Amino acid sequence: MRSEEIYGNTFYNGDCISGAGAHIPNDSIDLIITDPPYGINGDRLHRHYNRDESFVIDGYVEVAAADYGEFSRRWIREAERILRPGGSIYIVSGYTNLYHILHALRETRLREVNHIIWRYNFGIYTTRKYISSHYHILFYEKPGGKRTFNLESRYGALERGPDNRSPNYSDREDVWCINRDYKPGQVKNKNELPTELLAKMIQYSSNEGDLVCDMFLGGFSTAKVAVGLNRRVTGFEISEEIFERKIEEMREIQPGYLLPTLRRPETGAPKNRGRPWTDTERETLISRFNQIIESGETKKRAVETLGEELGRGRWAIEKMLKKEGIAGNRRVYSRR
Ligand SMILES: C[S@@+](CC[C@H](N)C(=O)[O-])C[C@H]1O[C@@H](n2cnc3c(N)ncnc32)[C@H](O)[C@@H]1O
């Protein structure tokens, strides 16, 4: 099987089932992100999308609908074998053959973590039914090790938006609204996944230096984003035509090039988080709260100031104030 090495990352032009069997050792991959052929005559997908076919690369290899179940079982068994214990796998799938993928997953030891809905723009336009505008992303783990989940890789747990809602919470809800990349005039593979979608999975589920695998490279989108975020990467693409073209683009990708574009989350847990409150601390909390309110500040501001002074989070301060009998903005006096 032909392979190319770029910055120490190996890409294979061939079938991922036999290719993984021959080249990828057991338990060696930290994260798999993959988007298998859909088994729905994908080589004609452009007709649904009204695309200008001259910009869509030829050579996409589809799997016959009748073979899809067995095909899914075979590549998912390989995915299970190569994933390290505690490793994560994200599989992007349409609805039509989702049951085959779910069935194949259930024949392995892989365990469901989340079923994510990816809602995108440019759904297939219809007039006599609802417009289809989502894909399924099955997020599974291989049991037996610690799974990487970087809780604060994108938003700090204590950050608040202008509406006082937690962006960390919203970012981790299981419906993701992410637009497809719009690439007018550029030659692309069918179903290229957007950078934002791939970056999100990679940030939460891997660290720099980890090894990411895409069993169906297509436009090499996973590989490009993984390298851009300083991960190592490997993968397979069966089509010679696609491989030849996309491997050239891959050579242009500089390791880490996406890192400066990432948002910096505000992390840093308060220094006394989780420690039991002492009597002195509770006295200080009440007397300082009263002083701050008397100086004309709001309760919200008082809580922020006390959080900084006492090295505690907002919720901890509010909970203790309530316990000490403070309601709303009202001054209270220490009971001691
Ligand atoms: C849905 S596309 C992947 C798109 C990719 N995620 C992207 O963002 O560009 C699936 C790709 O798998 C390739 N493929 C089909 N059967 C394969 C196999 N057995 N092994 C490796 N690649 C295969 C197809 O040629 C196609 O390029």
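No value in this document is a laboratory result; all are computed from the given coordinates. Treat the numbers as computed from the prediction; the structure is a model and nothing was measured. We place every Cβ from the backbone using ideal geometry, glycine too, and count neighbours over all the protein chains shown.
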(message) P(r) for the range 84-130, please, calculated from all Cα pair distances in 10 Å bins and given in %.
(response) 18, 44, 25, 12, 2
(request) Take each of the peptides 292-299, 198-205, average the number of other beta-carbon atoms within 10 Å over its residues, and list them starting from the highest. (result) 198-205, 292-299
(message) With unit charges on the beta carbons (Lys and Arg positive, Asp and Glu negative) and the dipole taken about the Cα centre of the chain, which residue among 197, 293, 28 sits farthest to the positive side?
(response) 293
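What do you get for GluC sites (Glu not before Pro) in the range 105-156 restricted to DSSP loop and a cutoff of at most 11 other Cβ within 10 Å of the site's Cβ?
Working: sites: 107, 112, 141, 152; in loops: 107, 152.
Those that pass, being in a loop and sparsely packed, number zero.
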(message) Need one number: convex hull volume per residue for the range 2-261, Cα atoms only, in Å³.
(response) 141
(request) At most 11 other Cβ atoms within 10 Å and a DSSP loop assignment: could you name the chymotrypsin sites (Phe, Trp or Tyr not before Pro) in the range 235-336 that fit? (result) 333
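What number, rounded to the nearest 500 deg cm²/dmol, is the helix-based mean residue ellipticity at 222 nm of the chain, given -39500 (n - 2.57) per DSSP H run of at least four residues and division by all its residues? Could the numbers behind the result be given before it?
Numbers: 11 runs with 111 residues, N = 336.
It lands at -9500 deg cm²/dmol.
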(message) Can you tell me the length gained on complete extension of the stretch residue 6 to residue 102, counting 0.36 nm per residue apart and subtracting the Cα distance?
(response) 31.2 nm
(message) Between helix 68-82 and the chain, what is the angle of the helix's C-alpha long axis to the longest principal axis, kept within 0 to 90° and rounded to the nearest 10?
(response) 60
(message) Using square roots of five times the C-alpha gyration tensor eigenvalues, list the equivalent-ellipsoid semi-axes of the range 86-199 in whole Å, biggest first.
(response) 25, 23, 15
(request) Apply the Karplus parameterisation 6.51 cos²θ - 1.76 cosθ + 1.60, with θ equal to phi minus 60°, to every residue of the range 230-247 and state each ³J(HN,Hα) to the nearest whole Hz, in sequence, with x for glycine and proline. (result) 6, 9, 7, 8, 8, x, 10, 9, 6, 7, 5, 4, 5, 4, 4, 6, 6, 5
(request) Write down the percent of antiparallel bridges among all DSSP beta bridges whose residues are both part of the range 2-261, to the nearest 5. (result) 55
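Might you report the magnitude of the Cβ-based charge dipole of the chain about its Cα centre, with Lys and Arg at +1 and Asp and Glu at -1, to the nearest 20 debye? Intermediate results must be reported in sequence, preceding the final value.
Working: 52 positive and 48 negative charges, 406 e Å.
Around 1940 debye, computed over the chain.
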(message) For the pair residue 131/residue 273, report the inter-label distance in nm, with labels modelled 7 Å from Cα in the Cβ direction.
(response) 4.1
(message) Give me the dipole magnitude in Debye, nearest 20, for the range 269-336 about the Cα centre, with unit charges on the beta carbon: positive for Lys and Arg, negative for Asp and Glu.
(response) 280
(request) Multiply the residue separation of residue 208 and residue 109 by 0.36 nm, subtract the distance between their alpha-carbon atoms, and state the gained length in nm to one decimal. (result) 33.0 nm
(request) Check cross-link reach from residue 146 to the aspartates and glutamates: straight Cα distance under 20 Å, and skip same-chain residues fewer than eight apart. (result) 27, 30, 80, 112, 208, 210
(message) Just to confirm the number: angle between the C-alpha axis of helix 299-310 and the first principal axis of the chain, 0 to 90 degrees, nearest 10?
(response) 90
(request) Kindly provide the Kirkwood hydrodynamic radius of the range 228-336 in Å, to one decimal, from all pairs of distinct alpha carbon atoms. (result) 18.3
